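The structure appears below as structure tokens.
The values are calculated or read from the model by the stated rules, or taken from the named source; none is laboratory data. Quick caveat, the model's predicted, so the values are computed rather than measured. Counting neighbours? That spans all protein chains shown, and the Cβs are built from the backbone with ideal geometry, glycine included.
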Amino acid sequence: MLNRYRAAFEPSGSLSFSLSGLLGRLPVAMIGLALVLVLSADGNYALAGTVVGILALAGCVGGPLQGRLADRIGQARLLIPTTLVFAASLVGLIAALRTSAPFAVLAVLAALVGAASPTTGTLARSRWSMLHPAGGRLQTAFAVESVFDEVVFVTGPVLTTVLATQIDPLLPFVVAAVAGVTGSLLMAAQRRTQPPTGPAAAVAGASGQTGTGSRAGVRLPYLALIPLFVVQLTVGTIFGSIDVVTVAAASAAGERGSAGLILACFSGGSLIAGLVVGGIEWRMSPVRRVRICVTTLGLATLVLPFVPGVGWLPLAGFVVGLTIAPALVAIASAVQAGTPPARLTEAMALGTSFLVAGFSLGSAVAGHLVDAVGPHRAFWQSAVAGMLAAAAVLAPVAARRVAGPAGAVLGVRSDRRQHAGHVPTAPADRRPGSAPSAGRRPPARPASGPTVRSRRDRTTRR
């Protein structure tokens, strides 16, 4: 297992940009929970869930725009201005919370923070796709990024809870700002490992390198990616509901300070599973892994509504966490396999945005559910979202639509054909004597031997 991780980090500069991305994504694990802790101090979970939902929804819109700009102008030229906007808007949000500003002001500032939030995790995955075009090393690299996600979500909630409850409720926002700005600027400084753009991208694409590539005439395969995005939407709903309901359950039990520790148990299980997944050499297609792993995640969420008390939540969270990283790694692998290199960053950012949109939806709905039925029953939202995720990956239409590059279909039917050695052929032109279609080779003539003519041809010649 260690050899696989050592091989993944063999390219020069890979460890540096990956660690920069780790630091830059820390705000994702801190700002949402910090908002919940501050805004729900008087028991108004509906307000807290709504503001967090706006924050996440703005990230859902800003993420793909940042991904598209990164493919077009380069990561460094994107990161510097967005980081400045992120820092300025987060300072404004801190001031608004300190002065108890009205909801409209909080909503606008939360939207600005979400739209400009650093997307260093997506940018790091794009860099990995350039360094390792395909194969086991790329899967290991994606597993590393998922493990880093969980490291962030292990330390982020605990750090947020300790800072907010023991020192100052607004201190987590300051720490998140410093981490996000530092990580983003460090990644922007590492231009050598960023995917190429412009003429260099065309050369990389022609040589078969999986980088950003030339965007001219290249479209995203939406029919192939939409089923995966729907899955990410439902998985994000699970995460959003778990965060809000866990804080509410701990508060109702008089143990509000333990909310961060409970959430860290979810991430701790996912971290361990991610390390194991990264050391496995997968022989099944990414889409088959998506079906298995997401279905397992959906089944695991059924445990949450039946947890007898807050004392059992860390154990239940750890069990659910064991199914999170494998699902996320499989989804990222499927998106990478089904996207042209020239649009890879945008596709990954879109996937992350659907995940964030689900988080937004889950947070907002969970806040109202907690106020209406209490935290214990509100866990049913996570279970229902898990069942929807499982249904989405098991739907036959979704499996048939997910396709990889160069027509390599990764769905159910093509899996069986590829394993049997079946190679699909292009349909012949219907009109006799017509020229071959663009990009299609004419049928090769026999290299040697007599030309075989039909009886009709011989009769015509006579």
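Close Cβ contacts (under 7 Å, 6 or more residues apart or on different chains) running from residues in segment 66-91 that are without any contact (Cβ under 8 Å) to a residue 12 or more places away in the chain to residues that are in a helix (DSSP H, G or I) comprise Leu69/Leu78. Scanning segment 359-380 for residues that are within 23 Å of Leu228 (Cβ to Cβ) and touching a Gly at 6+ places or on another chain (Cβ under 7 Å), we see that the one that is surrounded by the fewest Cβ atoms within 10 Å (Cβ to Cβ) is Leu361. The set of residues in segment 291-328 that are closer than 14 Å to Ser146 by Cβ and surrounded by fewer than 18 Cβ atoms within 10 Å (Cβ to Cβ) is empty. When the test is whether a residue is touching a Phe, Trp or Tyr at 6+ places or on another chain (Cβ under 9 Å), surrounded by 17 or more Cβ atoms within 10 Å (Cβ to Cβ) and at pLDDT 90 or above, Val181 passes it. Checked against (1) part of a helix (DSSP H, G or I); (2) more than 22 Å from the chain's Cα centre (by Cα); (3) without any contact (Cβ under 8 Å) to a residue 60 or more places away in the chain, Gly254 meets all criteria but (1).
Residues checked against (1) farther than 30 Å from Arg219 by Cβ; (2) hydroxyl-bearing (Ser, Thr, Tyr); (3) surrounded by fewer than 24 Cβ atoms within 10 Å (Cβ to Cβ); (4) out of contact with any helix residue (DSSP H, G or I) (no Cβ under 6 Å at 6 or more places or on another chain):
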site	(1), (2), (3), (4)
Phe103	yes, no, yes, yes
Trp128	no, no, no, no
Ala164	yes, no, no, no
Asp168	yes, no, yes, yes
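Does segment 332-354 contain at least one residue that is among the hydrophobic types (A, V, I, L, M, F, W, C), over 11 Å from the mean Cα position of the chain (by Cα) and closer than 21 Å to Leu33 by Cα? The answer is no, given that none of the residues of segment 332-354 is among the hydrophobic types (A, V, I, L, M, F, W, C), over 11 Å from the mean Cα position of the chain (by Cα) and closer than 21 Å to Leu33 by Cα. Here Ala29 passes the criteria (1) crowded, with 24+ Cβ neighbours inside 10 Å; (2) out of contact with any Phe, Trp or Tyr (no Cβ under 8 Å at 6 or more places or on another chain) except the one numbered (2). So Ala41 fits all but one of (1) under 22 Å from the mean Cα position of the chain (by Cα); (2) within 23 Å of Val247 (Cα to Cα); (3) at pLDDT below 85; what number is the exception? Failed condition: (1). For segment 225-251, what are the residues that are under 17 Å from the mean Cα position of the chain (by Cα) and closer than 22 Å to Trp380 by Cβ? Of everything in segment 225-251, those that are under 17 Å from the mean Cα position of the chain (by Cα) and closer than 22 Å to Trp380 by Cβ turn out to be Val230, Val231, Gln232, Leu233, Thr234, Val235, Gly236, Thr237, Ile238, Phe239, Gly240. Filtering Ala124, Ala176, Ala141 for residues that are over 30 Å from Ala337 (Cα atoms), in a helix (DSSP H, G or I), in contact (Cβ under 8 Å) with a residue 12 or more places away in the chain and small (Gly, Ala, Ser) leaves a single hit, Ala176. Among the criteria (1) touching a Cys at 6+ places or on another chain (Cβ under 9 Å); (2) more than 27 Å from Ala76 (Cβ to Cβ); (3) of a type outside the set (D, E, K, R); (4) crowded, with 24+ Cβ neighbours inside 10 Å, the one Ala334 does not fulfil is (1). All of Gly386, Gly407, Gly374 fail the test of being at pLDDT 85 or above and at positive phi, apart from Gly374.
Considered as a group, the residues in segment 130-154 that are more than 30 Å from Val38 (Cα to Cα), small (Gly, Ala, Ser) and at pLDDT below 75 include one that is surrounded by the most Cβ atoms within 10 Å (Cβ to Cβ), and that residue is Ala143.
Evaluating Ala8 against the criteria (1) surrounded by 21 or more Cβ atoms within 10 Å (Cβ to Cβ); (2) farther than 25 Å from Gly279 by Cβ; (3) in contact with a His (Cβ under 9 Å, 6 or more places away or on another chain) leaves one unmet condition, (2). Please find, among Val276, Val203, the residue that is assigned to a helix (DSSP H, G or I) and modelled with pLDDT of 75 or more. Just a single option satisfies the conditions, and that option is Val276.
Candidates Val85, Val158, Val108: the one that is out of contact with any Ser or Thr (no Cβ under 8 Å at 6 or more places or on another chain), modelled with pLDDT under 85 and among the aliphatic types (A, V, I, L, M) is Val158. If the condition is being buried (at least 19 other Cβ atoms within 10 Å of the Cβ) and either among the hydrophobic types (A, V, I, L, M, F, W, C) or touching a Phe, Trp or Tyr at 6+ places or on another chain (Cβ under 6 Å) (or both), then segment 269-290 contributes Gly269, Leu271, Ala273, Val277, Val287, Val290.
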